[in-house]
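Written out below as structure tokens is the structure these notes cover.
The values are calculated or read from the model by the stated rules, or taken from the named source; none is laboratory data. Please read these numbers as outputs of a predicted model, since none were measured by experiment. So basically every Cβ, Gly included, is an ideal-geometry build from the backbone, and we count neighbours across all protein chains shown. Only protein heavy atoms, including side chains, enter the accessible area calculation; ligands, DNA and RNA are left aside. Shrake-Rupley method; radii C 1.70, N 1.55, O 1.52, S 1.80 Å.
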Amino acid sequence: MEFSIKTGNPEKQRSDCLIVGIFEGKKLTPAAQSLDKTSGNALTMAIKVGDITGKLGATLILRALDGVNSPRVLLVGLGKQSEFGEKQYRQAIRAAFKALPDVVSSVSVFLSEVPVKKSSAQRLAAGAVETVLDATYRINSLKSKPAKATALKQVGIFVAKSDMKSAEAGVAQGLAIAAGVTLAKNLGNLPPNICTPTYLADQAKQLAKDYGFKVEVLERNNIEKLGMGSFLGVAKGSSEPPQLIVLQHNKGKSKQKPIVLVGKGITFDTGGISLKPGADMDEMKYDMCGAASVLGTFKAIGELDLPLNVVGIVPACENMPNGHAIKPGDILTSMSGQTIEVLNTDAEGRLILCDALTYAERFEPSAVVDIATLTGACVIALGAHPSGLFSNQDALAKELLAAGETSHDRAWHMPLWDDYQNQLDSNFADMANIGGRAGGSITAACFLSRFTKKYHWAHLDIAGTAWKSGKEKGGTGRPVPLLTTFLMQRAAKLSK
Ligand code: BES
Ligand code: MN
Ligand code: ZN
């Protein structure tokens, strides 16, 4: 799909469909007014007979309007003008593109010229690109008769002439984020017999080739040499070999300390010997979405050629219950030297992350952010809207929260108080790997915090946000927008 920034009158454009907006209270946007005038009040008539009111996300297609060169005009409701912000703008664009007839291949969008609260031409253009590519995403399915791909090829985003430059920068940004989101969705949606730890490693190697990243993939013998007894404990129950993937994007100053992203890469989580119930277990193919978000974010910063040093670490393995699998009661020795009593083999994410977090120390990071589908408890606490955010440094937490707001990929700050730590007490080892039902997402974060004392660290629990269940089952690509925006903001700060 091609996006271009344009300027001009709507009635003059020759595309398969024009998209214009109408606010509640029957108020047409300037482009809609212009079309109304040329067409002898066709839009006013549609309003008058009650076919459209301006309710946010409502749509109506008018055809063959007098004096209009394009055969279709799609009117989309923008809601109350006094409430029109980026969120509503994105919602309207999503609704409009979802309502497009399948045959439409070129579109001219006239929604980015209306003033939007607390926004800019650049952000509106980026938002349009991200939203369109999200709304028109098709799962790369393995159906023997694949669904037809979208016919949509060209999207013109119309802006005021003075805004063209910044809007073009916005398109580039939006394309980069969308490419990262799409990669993360694709990886998440793949079946777990294809998306294995080795497959993730191959993807990282491919990214390294495409964008010039440094890549290193450590196999079982090297992981053993590092002393990652906790990670290897989880990997033991599976015949798929574990992989420790390390990507580096070194486009910052040579002395600049890197930001390290660590992604949970459990390519299937059966629970291990503490086997999960059968219902919905297929969704545990998404347990590698933390890893997918790291790879997706690398794709985005590669596209942007972001002037920053970034390291990505992905511990990848399956959590399976074969005869070699770890058992409840087993004690593992982590790379940090701390010992862990495994009381539930289904709390495996923290077991692979803790060793990756210790490994992160060698990069002398300015900050480490881990991303993990870590706990069902996080979904109970926050639902599917924000990711859970935990941090040992408030300034870092604030940065990530702000990046989430900016990118419409929000997180919510959760407590990481010492008060919770004793829930992890064990009579037999330095700690247990579970802390009981109360505050399950918090005790999981507390567990990780014991391995991140040497640097500023944040943890994003994406169990509720990484994929959707039910009829719309599929990866969301979150939190690639949040992470990419965080890195862009860091890069901007450092170049000042
Ligand atoms: N991958 C799961 C977390 C999960 C479950 C994410 C459901 C999304 C939906 C994780 O490995 C896990 O199984 N966590 C356990 C921890 C418990 C044993 C302390 C959980 O949340 O039940
Ligand atoms: Mn689990
Ligand atoms: Zn898991």
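Can you give the calculated 222 nm mean residue ellipticity of the chain, where each DSSP H run of n ≥ 4 adds -39,500 (n - 2.57) and the sum is split over every residue, rounded to the nearest 500 deg cm²/dmol? Don't jump to the answer; show the numbers that get you there.
On the way: 14 runs with 172 residues, N = 496.
Per the formula, -11000 deg cm²/dmol.
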query = For region 4-52, what ratio Rg/Rh do Cα atoms give with a Kirkwood hydrodynamic radius?
reply = 0.98
task = With r as the distance between the Cβ atoms of K37 and E283 and R0 = 56 Å, compute the FRET efficiency 1/(1 + (r/R0)^6) and round to 0.05.
result = 0.60
Listed residues H249, H324 arranged by accessible area, highest first, probe 1.4 Å = H324, H249
query = Here are some pairs, K214/K327; K87/K453; K117/K468; K12/K473; K37/K148; K27/K468; which of them have Cα atoms lying more than 32 Å apart in this structure?
reply = K214/K327; K87/K453; K12/K473; K37/K148; K27/K468
query = Taking the Cα centre of region 197-273 as origin and charging only Cβ (+1 Lys, Arg; -1 Asp, Glu), how large is the dipole, in debye to the nearest 20?
reply = 520 debye
key: Under-5 Å amide H pairs with G477, H placed in peptide plane, nonlocal only   = K185
remark   = PRE zone check, label point 7 Å out along Cα-to-Cβ of L226, amide N under 15 Å, scope region 269-299, hits 291
ask   = Using the Kirkwood radius built from alpha carbon pairs, what does the Stokes-Einstein equation give as D for region 179-494 at 25 °C and 0.890 mPa s, in µm² per second?
value = 130 µm²/s
Of all accessible heavy-atom area on region 1-113, the percent that carbon and sulfur account for (1.4 Å) = 46 percent
query = Tally Lys/Arg at +1 and Asp/Glu at -1 over every other residue whose Cβ is under 10 Å from the Cβ of K153; what's the total?
reply = -2
remark   = Given backbone amide H placed at 1.01 Å from N, residues whose amide H is under 5 Å from that of V109, ignoring those fewer than 5 places away on the same chain, are I19, G156, I157, F158
note = Here FRET efficiency (C-beta to C-beta, Q206 to E83, R₀ 35 Å, nearest 0.05) is 0.20
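Determine the relative contact order of the chain: mean sequence separation of Cα pairs under 8 Å and six or more apart, normalised by residue count, in whole percent.
Working: 1162 pairs, mean separation 67.3, N = 496.
Result for the chain is 14 percent.
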task = Roll a 1.4 Å probe over the protein chains and send me the accessible area per residue for the chain in Å².
result = 42 Å²
request  = Compute the length gained on full extension between S141 and S495: take 0.36 nm times their separation in residues and subtract their Cα-Cα distance, giving the result in nm to one decimal.
outcome  = 123.2 nm
note = Placing +1 on each Lys and Arg Cβ and -1 on each Asp and Glu Cβ in the chain, then taking the dipole about the Cα centre, the residue among Q248, F213, I52 whose Cα reaches farthest towards the positive end is I52
task = Grab the beta carbon distance between T198 and K48, set R0 = 41 Å, and tell me the FRET efficiency rounded to 0.05.
result = 0.05
key: Centroid-to-centroid separation of region 413-433 and region 218-282 [C-alpha atoms, Å]   = 22 Å
Cβ-placed point charges (K, R +1; D, E -1), dipole of the chain about Cα centre in debye, nearest 20 = 1620 debye
message = Please give the charge dipole size of region 2-159, origin at the Cα centre, charges +1 on K and R Cβ atoms and -1 on D and E Cβ atoms. Round to the nearest 20 debye.
response = 300 debye
request  = Provide the per-residue ³J(HN,Hα) series for region 62-69, in order, calculated from phi with Karplus coefficients 6.51, -1.76, 1.60 and θ = phi - 60°, each as a whole number of Hz, with x at glycine and proline positions.
outcome  = 10, 10, 6, 6, 4, x, 10, 6
³J(HN,Hα) computed for each position of region 486-496 - Karplus, 6.51 cos²θ - 1.76 cosθ + 1.60, integer Hz, glycine/proline x = 4, 5, 5, 5, 5, 4, 5, 5, 6, 8, 6
query = Each residue of region 369-380 in turn: what ³J(HN,Hα) in whole Hz from Karplus with 6.51, -1.76, 1.60 and θ = phi - 60°, glycine and Pro shown as x?
reply = 10, 9, 10, 8, 7, 8, 9, x, 4, 5, 5, 5
query = With all protein chains present, how much of the accessible area of region 213-353 (probe radius 1.4 Å) comes from carbon and sulfur, to the nearest whole percent?
reply = 51 percent
ask   = If the chain between K98 and E364 were fully stretched, how many nm would it gain, using 0.36 nm times the residue separation less the Cα-Cα distance?
value = 91.2 nm
note = Under the rule rounded for a/c under 1.5, else prolate if a/b exceeds b/c, else oblate, using alpha carbon gyration tensor axes a ≥ b ≥ c, region 2-159 is classed as prolate
remark   = Dipole check, the chain, charges on Cβ (K,R +1; D,E -1), about Cα centroid: among V107, I380, V342 the Cα furthest to the positive pole belongs to V107
task = Please give the helix 289-304 orientation as an angle from the longest Cα principal axis of the chain, in degrees from 0 to 90, rounded to the nearest 10.
result = 50 degrees
key: Nearest 10 degrees, 0 to 90: helix 440-449 Cα axis against the chain principal axis   = 60 degrees
remark   = Of the residues F363, I462, G170, the Cα lying farthest along the dipole of the chain towards its positive end, which is defined by charges on the beta carbon of Lys, Arg, Asp and Glu, belongs to G170
note = Taking a crude spin-label model, label points 7 Å out from Cα along the C-beta direction, the H324 to N9 distance in nm is 7.4 nm
message = Considering only C-alpha atoms, what is the centroid distance from region 440-462 to region 78-111, in Å?
response = 39 Å
message = What do you get for the angle between helix 349-360 and the principal long axis of the chain? Use alpha-carbon atoms, 0 to 90 degrees, nearest ten.
response = 90 degrees
